[in-house]
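The values are calculated or read from the model by the stated rules, or taken from the named source; none is laboratory data. These figures come from a predicted structure and were not determined experimentally. Positions of Cβ are generated from backbone atoms using ideal geometry, with glycine treated the same way; all protein chains shown enter the neighbour counts.
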Amino acid sequence: MEIDCIFCKIASGAMGVPPVYEDEEVFAFGDIAPVAPVHILIVPKRHIQSAHELTETDAALLGKMFSAARKIAGETGIDETGYRLATNIGPDGGQSVPHLHLHLIGGRKLKWEH
Ligand code: AMP
């Protein structure tokens, strides 16, 4: 756990943020500033700065993160209408929290914005 990382703290349970989904390696919780009716963040409990740090050795972890997304989409009822999974990398990619996270966004028609 990175001492100053807010998502490490949330994923450890120390902040009292309720999990939308949790297993040994993955924690998911609601985004504090949702951009759609469903906006969940899916993070690894282990600190990884961004998707740019991932290697083949993280394949199982990524499988768990995407599997969590599928489960959450089903539980929130957006699996039929569709949703977006996105991860931002670095300043130009729009990453504001330097701990890998998947945005699961849905519940309305999304535009593709650049
Ligand atoms: P990104 O800009 O891709 O790094 O996404 C970071 C996301 O984390 C943003 O959508 C923020 O609204 C969200 N966020 C930041 N701090 C918190 C927090 N304490 N709890 C929940 N979501 C947060």
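The table for this structure:
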| item | result |
| --- | --- |
| Search result, residues across the range 18-52 that are surrounded by fewer than 22 Cβ atoms within 10 Å (Cβ to Cβ), under 13 Å from His101 (Cβ atoms) and without any contact (Cβ under 8 Å) to a residue 24 or more places away in the chain | Phe29, Gly30, Ile32, Arg46 |
| Among (1) farther than 27 Å from His114 by Cβ; (2) surrounded by 14 or more Cβ atoms within 10 Å (Cβ to Cβ); (3) polar (S, T, N, Q) - the single one Thr87 does not satisfy | (1) |
| Ser67 within 14 Å of the chain's Cα centre (by Cα), more than 20 Å from Gln95 (Cα to Cα) and loosely packed, with under 15 Cβ neighbours inside 10 Å | yes |
| Evaluation of His114 against (1) on the phi < 0 side of the Ramachandran plot; (2) of a type outside the set (Lys, Arg); (3) modelled with pLDDT of 95 or more (one fails), failing number | (3) |
| Members of the range 96-114 found to be in contact (Cβ under 8 Å) with a residue 24 or more places away in the chain, farther than 25 Å from Glu24 by Cβ and either out of contact with any His (no Cβ under 8 Å at 6 or more places or on another chain) or away from the ligand (no atom under 12 Å from the Cβ) (or both), listed by number | Gly106, Gly107, Arg108, Leu110 |
| Condition check for Gly74: of a type outside the set (Ser, Thr, Tyr), surrounded by fewer than 16 Cβ atoms within 10 Å (Cβ to Cβ) and either touching a strand residue (DSSP E or B) at 6+ places or on another chain (Cβ under 8 Å) or within 15 Å of Phe29 (Cα to Cα) (or both) | no |
| Residues that are charged (D, E, K, R) and closer than 19 Å to Thr76 by Cβ, drawn from the range 6-48 | Glu22, Asp23, Asp31 |
